[in-house]
Amino acid sequence: MNNRKDNKPILLTGSHRSGSTWVGQMIAASPSIAYIHEPFNIKHPPGICGAEFNYWFTYVCNNNESQYYQHIKNTLGFRYQVSKEIKVRSGLRSYMGMLKELFRFSKNRFLNKRPLMKDPIAVFSADWLADRFNMDVIVLIRHPAAFAGSLKKANWKHPFDHFLKQPLLMKDHLAEFEPEIKEFANHDKSTIEQATLLWNLIYHMILHYKKSHPDWIFVKHENISANPISEFEMIFRKLNLEFTPKVQRIIGEYSVAKNKEEQSLIKRDSKSNIWLWKERLTKDEINLIRERTDRIAKYFYSEDDWDR
């Protein structure tokens, strides 16, 4: 059993489509870490987290924490919610999957594993999570054109009314964007246009975190993709995790996929991912993204990061 004093939970957040699954699984290569996948996702299994999240990017703060606190505490304590999960299961195979997850959670709790909560959907709630559960926080950052290119490839659209239905979030952090959010909520916009506003909203929040939480770990997707070994070694050191030869070997194996058939959410040719947006986006799309995100992007990326 793990009796380490330093067993602080870890939150891995930032924008979605920023490699958080890959980064989370590589950190979970440490034998002391247990990975928890996106409890803030509105489609999360209720056994993993009993809280109901009705909106993408649900904002939790001190003023509305009562409906979330105990559920998140159970999740970070690896207490699987069988009574909630069983209501959405049917069929032998489904119940076997539930038992597998129950066993995994119970084993992690028995071994006193350090929870790593990977959840970009929790980005607006990172302040509350860090404060209420004494979490170490890693924030992933990705170039706006790369973010937009990834959304374009996946053809993902976002329901912007989910922000408007959260008055606390609008009041506390997004008031200056309200007219634009309303415009996007009421009128159909292209994936690229949506990506620019979504990037601005998320990175407006991340910029706030950079100023208010210098102790958090901020990592650029481009840096960790170009130099996975050195960047992960830095992350492990800041998290007080041992960067063993085995961990280094795993990171190396999952950062260099030799061909497209080998690539997945956690196995990739990380260096080739950096500039894929130049292939996915037209010149007009790149210019539009650059124009609409420049006010915030300039705090994260230089001219060279657009022109290479």
remark   = All-but-one check, ASN74 against (1) of a type outside the set (A, V, I, L, M, F, W, C); (2) loosely packed, with under 14 Cβ neighbours inside 10 Å; (3) in a helix (DSSP H, G or I), failing number (2)
key: Hey, LEU140 at pLDDT 95 or above, in contact with a Leu (Cβ under 9 Å, 6 or more places away or on another chain) and not in a helix (DSSP H, G or I) or not   = yes
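Here's the yes/no breakdown for (1) modelled with pLDDT of 95 or more; (2) more than 20 Å from ASP136 (Cβ to Cβ):
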| residue | (1), (2) |
| --- | --- |
| ASN2 | no, no |
| ASP6 | no, no |
| LEU12 | yes, no |
| HIS16 | no, yes |
| ALA28 | yes, no |
| SER32 | yes, no |
| ASN41 | yes, yes |
| HIS44 | no, yes |
ask   = Can you find a residue in region 63-70 that is among the small types (Gly, Ala, Ser), more than 30 Å from ILE181 (Cβ to Cβ) and over 18 Å from the mean Cα position of the chain (by Cα)?
value = no
note = Among (1) surrounded by fewer than 19 Cβ atoms within 10 Å (Cβ to Cβ); (2) in contact (Cβ under 8 Å) with a residue 24 or more places away in the chain; (3) outside any loop (DSSP other than H, G, I, E, B), CYS61 falls short only on (3)
remark   = Scanning region 10-35 for residues that are under 17 Å from ARG109 (Cβ atoms) and buried (at least 24 other Cβ atoms within 10 Å of the Cβ) gives ILE10
key: Residue within region 109-131 that is in a helix (DSSP H, G or I), of a type in the set (Phe, Trp, Tyr) and within 23 Å of the chain's Cα centre (by Cα) present   = yes
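The values are calculated or read from the model by the stated rules, or taken from the named source; none is laboratory data. Predicted, not measured: the structure shown is a model, and the values here were computed from it. For neighbour counting, all protein chains shown are included, and Cβ atoms are generated from backbone atoms with ideal geometry for every residue, glycine included.
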